[in-house]
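Scroll down for the structure; my scribbles are underneath it.
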Amino acid sequence: NKKRILLIDDERDLVQTVTFQLEAAGYEVISAYDGQEGLEKVAKDKPDLILLDIMMPGIDGFEVLRRLRNELATESMPVIMFTAKGDSSSIFKAQDLGSTSYIMKPFDQEELLKVVKRYI
């Protein structure tokens, strides 16, 4: 039974690359390109872990995370945030909102897989 990861990011190239890497490592990957779509897929697909970009049009990653933490079904679901290098204020805000961990963009495949394995 494959572990299911939901990837929410508006950068289509990144989604494609990360999906390829995670599927190669044996995970099932579902993707969403904005916060609203992400929230809908969380409810429908019940992922084991969420990879969530902070900077997105419409509902940003912080708001998605806030909503996930306010729902009983998703309050303890692992959520790993993507954040731009050196943006420590975003990291602190994500931690305050209850993110499980974070990965700095740009990141390499090894780092991504290591963090995912730790929480899934």
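The values are calculated or read from the model by the stated rules, or taken from the named source; none is laboratory data. None of the values given here were measured: they were computed from a predicted structure. Here Cβ is always computed from backbone atoms with ideal geometry, including for glycine, and neighbour counts include all displayed protein chains. Keep in mind that these areas ignore ligands, DNA and RNA; they rest on the heavy atoms of the full protein, side chains included. Shrake-Rupley method; radii C 1.70, N 1.55, O 1.52, S 1.80 Å.
Modelled spin-label separation between Arg4 and Ser101, with each label point placed 7 Å from Cα along the Cα-to-Cβ direction: 2.2 nm. The HN-Hα couplings worked out from phi for the range 85-95 by the Karplus form 6.51 cos²θ - 1.76 cosθ + 1.60 (θ = phi - 60°) are 3, x, 8, 5, 5, 5, 4, 5, 5, 4, 5 Hz, whole numbers, x standing for Gly and Pro. The stretch between Asn70 and Leu113, if pulled fully straight at 0.36 nm per residue, gains 12.7 nm over its current Cα-Cα span.
Atom-type composition of the exposed protein surface of the range 1-111 places 49 percent of the accessible area on carbon and sulfur (1.4 angstrom probe).
In loop segments of the range 43-120 as defined by DSSP, the GluC sites (Glu not before Pro) with at most 15 further C-beta atoms inside 10 Å of their C-beta are Glu71, Glu75.
Taking 7 Å steps out from each Cα toward its Cβ at Ile91 and Lys46 produces label points 3.5 nm apart. Placing unit charges on the Cβ atoms only, positive for Lys and Arg and negative for Asp and Glu, gives the range 1-108 a dipole magnitude near 300 debye about its Cα centre.
On the principal axes of its alpha carbon atoms, the chain extends 33, 32, 25 Å, with the longest extent given first. Under a 5 Å amide H cut-off, with hydrogens placed 1.01 Å from N, Ile54 pairs with Phe82 among residues at least 5 apart or on other chains.
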